[in-house]
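Asks: Sharing a structure here in structure tokens format.
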């Protein structure tokens with residue numbers, strides 16, 4: 001069975017909505033923001049600044065983050081808009097580190113949303 005491709009957040013307004021209306025959590029390697037959407041699929045936006053390093057390093061971080069999100073989204077059907085802002089320390093991060101932190105955040109986020117929708 002083929003996995004659905006991960007869609008991208010495409011516009012500035014999409015990013016702004018996630019920053020303004022979503023919840024966030026910081027880890028050693030990045031800050032992740034999430035917001036529920038009504039689209040029926042997940043979208044991902046990445047921000048990897050030039051301050052982190054050369055293009056090779058930034059592209060490696062992007063690939064690792066996309067793969068980490070793909071692994072988790074493949075397990076769950078979430079309908080979220082996610083924005084991940086990389087920190088300088090993300091250069092030392094591994095795929096397993098990224099998967100673990102993103103999974104922990106999404107578990108917390110889904111649990112909080114379940115409580116809100118019941119309340």
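The values are calculated or read from the model by the stated rules, or taken from the named source; none is laboratory data. Quantities reported herein were computed from a predicted structural model and do not represent experimental measurements. Glycine also receives a Cβ, built like all others from the backbone with ideal geometry; neighbour counts cover every protein chain displayed.
Asks: Could you grab me the full set of residues in segment 60-78 that are under 11 Å from residue 44 (Cα atoms) and in contact (Cβ under 8 Å) with a residue 40 or more places away in the chain?
Replies: 66, 69, 70, 73
Asks: Continuing with this model, one more query. Does any residue of segment 70-85 turn out to be more than 20 Å from residue 20 (Cα to Cα) and either modelled with pLDDT of 90 or more or in a strand (DSSP E or B) (or both)?
Replies: no
Asks: Give the number of residues within segment 40-62 that are part of a helix (DSSP H, G or I) and in contact with a helix residue (DSSP H, G or I) (Cβ under 9 Å, 6 or more places away or on another chain).
Replies: 7
Asks: Does residue 66 satisfy the criteria of being assigned to a helix (DSSP H, G or I), surrounded by 13 or more Cβ atoms within 10 Å (Cβ to Cβ) and at pLDDT below 90?
Replies: No; evaluated as a whole, the condition is false for this residue.
Asks: Of all residues in segment 32-47, which are in contact (Cβ under 8 Å) with a residue 40 or more places away in the chain and touching a strand residue (DSSP E or B) at 6+ places or on another chain (Cβ under 7 Å)?
Replies: 32, 33, 34, 35, 36, 37, 42, 44, 46
Asks: Let me ask something else about it. Just to be sure I understand, how many residues within segment 4-55 are on the phi > 0 side of the Ramachandran plot and modelled with pLDDT of 95 or more?
Replies: 0
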